[in-house]
Amino acid sequence: MSEYIIKNGRVFDPVQGIKGDKKDIFVRDDKIVDSVGSGAKIIDARDKTVMAGAIEVHAHVAGPKVNAGRWYRPEDKHFDSHKTAGITRIEGGKSIPTVFKTGYEYARMGFTFAMEAAMPPLYARHVHEEIHDTPIIDEAALPVFGNNWFILEYLKNQEIENTAAYIAWILNQTKGYGVKVVNPGGTEAWAWGLNCLSIHDPVPYFDITPAEIITGLMAANEYLGLPHSMHLHQNNLGNPGNYTTTLESLKLAEGVKAKNNFGREQVLHSTHLQFHSYKGTNWGDFESGAKEVMDYVNRQKNLTIDTGNVTLDETTTMTADGPFEHHLHGLNHLKWFNVDVELETAAGVVPFIYDPNNAVFASQWAVGLEIALYANDPMRCFITTDHPNAGPFTRYPRVYSWLMSKKVRDERLNTFKKADKVISATTLANSTARSRSMSWQP
Ligand SMILES: [Zn+2]
């Protein structure tokens with residue numbers, strides 16, 4: 001039997017409405033209990049926050065594309081490598097930290113778990129090697145299905161049961177956790193030098209549309225009753241005017257019911273919504289579509305989202321959205337890495353500098369904050385930076401401070417050279433301060 005007391009900490013638990021009370025927590029054999037014996041080990045948590053371990057729902061922290069980023073960007077670790085003598089192994093890298101640094105940095109912020117958001121099944125072993133080498137935190141991984149040839153064939157023939165059987169086999173073989181879909185059909189079209197920018201664009205050769213892939217994979221996910229709903233990176237990421245594609249994709253979940261083996265109501269998780277909530281026709285007349293998208297999300301109880309907050313850093317973008325990375329390379333002309341994973345997916349990696357004095361990047365910063373501030377139900381809205389795409393996860397404390405204090409975000413906004421453009425393209429300047437901990441209800 002192991003017993004300990006976490007003493008004198010400030011305890012936070014939104015579910016029970018505990019908001020920073022000074023309390024002692026008693027633990028026996030990994031479970032919180034009312035009391036423990038006199039021989040219990042005491043952990044002094046004076047001046048510290050005591051909370052449930054934070055959960056990272058979407059980050060790129062393990063596997064081949066993360067590693068590609070590490071080896072082709074040595075500059076990422078030139079100025080940010082160190083070792084705490086006798087305690088940690090060497091920590092290197094800023095936007096694409098080593099596995100050691102990844103575990104340490106999440107743990108320092110109170111995280112106990114991170115989900116690797118895109119695992120190519122054929123490279124599952126590499127993903128698990130890195131998960132195994134990541135200290136302190138737990139990790140899991142979502143295999144990608146949205147451009148897999150077997151899936152496309154089954155769904156073209158409307159064979160939901162076969163789709164589900166294939167998903168079950170892949171999850172078992174790769175030790176994956178759930179169904180991830182990245183630019184459905186678009187990454188496969190990329191093999192032909194094409195893309196699917198709307199959910200009705202046909203995928204070459206397979207004669208199927210992104211809408212059919214999304215609908216079919218949601219059905220297969222519920223057929224299996226998996227613990228997590230289908231996890232979607234929508235088509236048309238990062239382009240002005242894409243909020244209509246986003247709304248069309250989310251509407252595919254209307255009327256879909258969760259099988260509910262795990263007590264969840266949600267059937268679709270929409271990831272890094274910031275990158276999918278733009279109005280306008282080009283980067284000149286770009287505007288935020290966060291309100292339109294979040295008004296819809298707020299009404300539909302069977303959706304969850306994460307934000308994808310831009311932190312205004314130099315970072316490294318990486319995604320199974322192969323055509324998007326090529327497009328990004330065309331915009332910023334920095335180096336580009338691309339790989340095709342036969343019959344399954346592709347991936348691209350491009351460094352990116354979110355210059356705060358660029359009106360578009362500063363507006364993306366604002367859109368990410370708007371997404372979270374518009375969310376009526378914080379239990380369905382997760383904060384992410386889509387690490388490292390919109391910024392390194394180590395910037396979460398900054399993101400939280402921007403969200404929790406209007407004063408702090410206004411201060412940041414006013415440092416932008418083109419603050420006036422950000423103010424006219426988004427509604428952030430009008431948003432009121434919110435202290436979410438006061439209104440959180442499960
Ligand atoms: Zn991602």
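Nothing in this text is a laboratory measurement; each read-out follows from the coordinates by a stated rule. Since this is a predicted model, take the numbers as computed values, not measurements. Neighbour counts are summed over all protein chains in view; Cβ atoms, including those assigned to glycine, are modelled from backbone coordinates with ideal geometry.
Computed from the alpha carbon atoms alone, the convex hull of segment 296-376 holds 116 Å³ per residue. Between His327 and Gln158, the modelled labels are 3.1 nm apart [label points 7 Å from Cα along Cα→Cβ].
Taking a point 7 Å from the Cα of Val15 along the Cα-to-Cβ direction, the residues of segment 109-147 with backbone N closer than 16 Å to it are 112-113. The convex hull built on the alpha-carbon positions of segment 110-171 has an orientation-averaged projected area of 4.8 nm².
What fraction of the DSSP beta bridges in segment 3-49 is antiparallel, stated in percent and rounded to the nearest 5? Once the DSSP bridges in segment 3-49 are tallied, antiparallel ones form about 70 percent. Placing one equal scatterer on every Cα of segment 163-312 and applying the Debye formula, the log10 ratio I(q)/I(0) at q = 0.13 Å⁻¹ is -0.60.
For His82 and Arg28, the difference between the fully extended length at 0.36 nm per residue and the C-alpha to C-alpha distance is 15.8 nm.
Placing unit charges on each Cβ (+1 for Lys and Arg, -1 for Asp and Glu) gives the chain a dipole about its Cα centre, and among Phe262, Pro392, Leu122 the Cα reaching farthest toward its positive end belongs to Pro392. Applied to segment 275-289, the Karplus parametrisation 6.51 cos²θ - 1.76 cosθ + 1.60 on θ = phi - 60° returns per-residue 3J(HN,Hα) values of 6, 10, 10, 10, 9, x, 10, 7, 6, x, 10, 3, 9, 6, x Hz, with x for Gly and Pro. Centroid-to-centroid, using Cα positions, segment 165-188 and segment 85-120 are 25 Å apart.
Amide H to amide H, with H built 1.01 Å from N, Phe382 comes under 5 Å of Ile305, Asp306, Thr307, counting only residues 5 or more places away or on other chains.
Semi-axes of the equivalent ellipsoid of segment 49-140 are 20, 19, 11 Å, computed as sqrt(5λ) over the eigenvalues of the C-alpha gyration tensor in descending order.
Across all directions, the average projected area of the convex hull around the alpha carbons of segment 340-388 is 5.4 nm². Amide H contacts for Glu139 (H built 1.01 Å from N in the peptide plane; partners 5 or more residues away or on another chain; cut-off under 5 Å): Ala114. By the beta-carbon count within 10 Å of each Cβ, the least crowded to most crowded order of Met294, Met230, fewest first, is Met294, Met230.
Can you give the log10 of the normalised intensity I(q)/I(0) at q = 0.21, 0.30, 0.32, 0.33 Å⁻¹, computed with Debye over equal Cα scatterers of segment 3-49? For the requested q values the scattering log ratios are -0.70, -1.10, -1.14, -1.16. Once you sort the root eigenvalues of the Cα gyration tensor of segment 342-436 as a ≥ b ≥ c, which label holds: rounded (a/c under 1.5), prolate (a/b larger than b/c) or oblate (the other case)? It comes out oblate by the Cα gyration axes.
Scanning residues 5 or more positions from Phe352 or on other chains, those with amide H under 5 Å from its amide H are Thr315, Thr316, Thr317, with H placed 1.01 Å from N in the peptide plane.
All Cα-Cα separations within segment 201-263 were binned at 10 Å from zero, giving a P(r) of 19, 46, 29, 6, each value a whole percent of the pairs. Taking a straight line from the alpha carbon of Lys22, these aspartates and glutamates sit under 15 Å away, with near neighbours fewer than eight places off in the same chain left out: Asp13, Asp44, Asp47.
Take segment 234-382, drop everything but the C-alpha atoms, weight them equally and run the Debye formula without solvent; then report log10 I(q)/I(0) at 0.08, 0.14 Å⁻¹ to two decimals. Treating every Cα as an identical point scatterer, log10 I(q)/I(0) equals -0.24, -0.73.
As a quick test, which of the pairs Lys7/Lys301; Lys31/Lys259; Lys77/Lys291; Lys180/Lys291; Lys7/Lys77; Lys19/Lys101 have an alpha carbon distance above 32 angstrom in this structure? Present the calculation step by step, with values, prior to reporting the outcome.
On the way: Lys7/Lys301 38 Å; Lys31/Lys259 29 Å; Lys77/Lys291 38 Å; Lys180/Lys291 26 Å; Lys7/Lys77 38 Å; Lys19/Lys101 30 Å.
Table pairs above 32 Å Cα-Cα are Lys7/Lys301; Lys77/Lys291; Lys7/Lys77.
Using a cutoff of 8 angstrom between alpha carbon atoms and counting only pairs six or more residues apart, the relative contact order for segment 3-49 works out to 51 percent.
Given 0.36 nm per residue, what is the gain on full extension from Tyr205 to Ile353 after removing their alpha carbon distance, in nm?
Working: separation 148, 0.36 × 148 = 53.28 nm, distance 3.67 nm.
Residue separation times 0.36 nm, minus the Cα-Cα distance, leaves 49.6 nm.
Quick note on segment 67-197: its Rg to Rh ratio, both from C-alpha atoms and Rh being the Kirkwood radius, is 1.07.
In the chain, the C-alpha radius of gyration followed by the widest Cα-Cα span (Dmax) gives 21.7, 70 angstrom. Rounded to 0.05, the FRET efficiency of the Met379 and Lys257 pair, given R0 = 30 Å and the Cβ-Cβ distance, is 0.95.
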